[in-house]
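First the structure, in the form of structure tokens, and then the observations on it.
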Amino acid sequence: MHWFVKFILAPILIFQGKSVRKNTLRLPEASGQRKGIQGSGETNIRILIIGDSASAGVGIDRQANALSGQILICFGQGYKIEWELFPALPCPLKSYLGRCAGHLNRALRNWLKDQADSELLEFNLP
């Protein structure tokens, strides 16, 4: 998005962000760790889980039952996994960030081309 458009939209995004924050029902995030190390395998894997309320486990009782916990279960104990959960911002800022996500993913893909031990895993969930 061009910097001028961002500048013009800034007051609207700020107003909408404050309105959403003020009026939206806040549900608690799942209890449990938001980062850690799991497993004892020879292969080291680092995972950064970035997302919204689904990744933060809103509406779930424990992180082990949320997205982060389920990803870790899929890997099992055969790997040494260093992981961290990083929830994104609420709507309408989420929409703005969503438009920027394509640019961020392209930049990340380009950077990863030179990283022999790294890979971008994308999940296209409904």
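The values are calculated or read from the model by the stated rules, or taken from the named source; none is laboratory data. Note that the coordinates shown come from a computational prediction; the quantities given were computed from them, not determined experimentally. All Cβ positions, glycine included, derive from the backbone under ideal geometry; neighbour counts span all protein chains shown.
Data for the structure
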item: Subset of the range 83-110 (residues that are in a strand (DSSP E or B) and modelled with pLDDT under 80); result: Phe86, Pro87
item: Residue that is modelled with the lowest pLDDT [pool: residues in the range 46-70 that are buried (at least 16 other Cβ atoms within 10 Å of the Cβ) and outside any helix (DSSP H, G or I)]; result: Gly51
item: Condition check for Ile73: in contact with an Asp or Glu (Cβ under 6 Å, 6 or more places away or on another chain), surrounded by fewer than 14 Cβ atoms within 10 Å (Cβ to Cβ) and among the β-branched types (Val, Ile, Thr); result: no
item: Answer residue from the range 15-44, given it is surrounded by fewer than 16 Cβ atoms within 10 Å (Cβ to Cβ) and in a strand (DSSP E or B) and is farthest from the chain's Cα centre (by Cα) among those; result: Thr43
item: Flag if Lys80 is more than 20 Å from the chain's Cα centre (by Cα), among the basic types (Lys, Arg) and either at pLDDT 90 or above or part of a strand (DSSP E or B) (or both); result: yes
item: Odd one out for Lys18 among (1) farther than 27 Å from Asn105 by Cα; (2) of a type in the set (Lys, Arg); (3) modelled with pLDDT of 90 or more; result: (3)
